[in-house]
Amino acid sequence: MFKKSVQKVILFFKRHGKISVFLAPLTPGLGQYISIPAGMSKMPLKYFIPITYLANLIWVNFMLLVGYVFGEKEGHSKLIYVSIGLLAFVI
């Protein structure tokens, strides 16, 4: 049973691996685990590294922008609403 599940994950990742590697770092809690199926499906590093780098660059800059906009200019009163919205989106 476990072997079939692993085979399904590998098959899915071979079909949709590049987009999965790009979207995973943009999803809180999932980004740090994307290297496991990428390695299991033997995704070449020449694809994995630049795609992961680009996705993380976007995520870090987004978080930097959120911190700048809500932390410095408006105080922390609106940050709670952004946090609740992000939490609801993730759930």
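Hey, can you tell me all the residues within region 3-48 that are under 14 Å from the mean Cα position of the chain (by Cα) and on the phi > 0 side of the Ramachandran plot? Break it down into steps so the answer makes sense when it comes.
Start the filter on region 3-48 by keeping residues that are under 14 Å from the mean Cα position of the chain (by Cα), which leaves 17-38, 48.
Hit for region 3-48 is Gly29, nothing else.
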Top-ranked residue of region 14-56 - restricted to ones that are in contact with a Gly (Cβ under 9 Å, 6 or more places away or on another chain) and part of a loop (DSSP other than H, G, I, E, B), ranked as modelled with the highest pLDDT: Met43
Any hit, region 37-56, residues being out of contact with any helix residue (DSSP H, G or I) (no Cβ under 8 Å at 6 or more places or on another chain), exposed (fewer than 11 other Cβ atoms within 10 Å of the Cβ), without any contact (Cβ under 8 Å) to a residue 60 or more places away in the chain and within 26 Å of Leu87 (Cβ to Cβ): no
Unmet criterion (only one of (1) open to solvent by 80 Å² or more (accessible area, probe 1.4 Å); (2) modelled with pLDDT of 80 or more; (3) not in a helix (DSSP H, G or I)) for His76: (2)
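The values are calculated or read from the model by the stated rules, or taken from the named source; none is laboratory data. The shown structure was predicted, so the numbers you read here are calculated from the model rather than taken from an experiment. FYI the Cβ positions are ideal-geometry reconstructions off the backbone, even for glycines, and counts take in every protein chain you see. Note: areas computed on protein heavy atoms with side chains; ligands, DNA, RNA excluded. Shrake-Rupley method; radii C 1.70, N 1.55, O 1.52, S 1.80 Å.
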